[in-house]
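So the structure is just underneath, and the comments pick up after that.
The values are calculated or read from the model by the stated rules, or taken from the named source; none is laboratory data. Just so it is clear, the model here is predicted, and its values are computed rather than measured. Neighbour counts run over all protein chains shown; Cβ positions are idealised from the backbone, glycine included.
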């Protein structure tokens with residue numbers, strides 16, 4: 001007899017109301033490609049990137065702790081870091097090019113408040129939201145962010161509703177010990193956009209620590225996800241989300257500060273304030289957020305939004321780890 005997932009499955013109970021994440025380390029497979037001419041691939045290889053992060057009701061943070069192999073991006077320098085996060089007031093990303101005195105360092109800020117320039121047209125916000133989705137995918141085990149208790153099971157079929165209100169329709173194709181091993185789903189509005197997920201479980205763990213995803217988003221390639229460590233729960237002391245000062249104690253050494261406001265991009269300059277920058281392509285963090293190198297003394301912010309945002313940045317306290 002073919003085993004069918006039950007409504008009492010620990011996997012289903014988890015996915016209907018997944019806990020917040022205090023700390024996570026996960027690894028994602030990546031198909032690296034490189035070419036001297038845009039659109040032309042000279043070399044490629046499979047590898048992976050490891051991330052650490054957290055996802056809380058008040059904010060989020062994510063940092064890659066490994067980098068692409070040689071030849072598939074700028075060389076990794078000693079001390080190089082890229083961190084993206086969300087506080088209660090702004091989206092941000094910080095690039096620390098290394099411990100060298102001549103290393104490039106850049107900070108981008110985008111308010112979450114419309115009266116301070118917050119907008120879904122801000123590229124800084126769009127970029128950080130993409131990072132948020134990558135950690136949400138770990139929390140929801142390959143699914144998009146789902147509404148609480150939205151999964152309805154009927155035999156081997158199920159429906160779920162995303163946080164954005166979209167309906168997902170799927171089938172659980174293989175089950176063992178009331179845990180799914182293989183399932184697939186698609187959006188109600190696009191039955192051709194099928195996502196398939198294979199799960200593996202560590203002994204005595206009802207939540208998978210390994211899953212493989214194949215979907216339109218992965219361009220038909222299989223993306224492997226390893227959840228190497230996770231601590232669930234809410235951090236009660238984290239009332240205002242995550243800020244750059246929790247990860248960088250020397251924010252005054254960042255030589256480039258970019259502000260996104262109402263869909264526009266500005267650069268903060270010493271003794272000048274905010275200077276509008278020409279529209280450019282969406283940055284692919286961590287490296288293309290860097291504009292030209294500058295030597296700054298003390299930043300004097302002529303623009304109110306820049307002053308307000310940076311004041312919020314430097315007032316955060318470092319969390320207890």
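Within the stretch 102-124, does at least one residue satisfy the condition of being under 13 Å from the mean Cα position of the chain (by Cα) and either touching a residue at least 60 places away in the same chain (Cβ under 8 Å) or part of a loop (DSSP other than H, G, I, E, B) (or both)? Looking for residues that are under 13 Å from the mean Cα position of the chain (by Cα) and either touching a residue at least 60 places away in the same chain (Cβ under 8 Å) or part of a loop (DSSP other than H, G, I, E, B) (or both), one finds at least one in the stretch 102-124, hence yes.
In this structure, residue 153 does not qualify as surrounded by 15 or more Cβ atoms within 10 Å (Cβ to Cβ), at positive phi and either modelled with pLDDT under 95 or not in a helix (DSSP H, G or I) (or both). The set of residues from the stretch 72-101 being in contact with a strand residue (DSSP E or B) (Cβ under 6 Å, 6 or more places away or on another chain) and either at positive phi or surrounded by fewer than 21 Cβ atoms within 10 Å (Cβ to Cβ) (or both) comprises 72, 81, 82, 88.
The number of residues in the stretch 149-169 that are free of Cβ contacts under 8 Å to residues at least 24 places away in the same chain and farther than 14 Å from residue 7 by Cα comes to 8. Of the numbered criteria (1) farther than 23 Å from residue 60 by Cα; (2) surrounded by 20 or more Cβ atoms within 10 Å (Cβ to Cβ), the one residue 142 fails is (1).
Only residues that are under 21 Å from residue 133 (Cβ atoms) and not in a loop (DSSP other than H, G, I, E, B) were counted across the stretch 199-230, and they come to 15. Taken over the stretch 247-266, residues that are buried (at least 19 other Cβ atoms within 10 Å of the Cβ) and part of a strand (DSSP E or B) amount to 8. A count restricted to the stretch 109-124 and to residues that are at pLDDT 90 or above and crowded, with 20+ Cβ neighbours inside 10 Å stands at 3.
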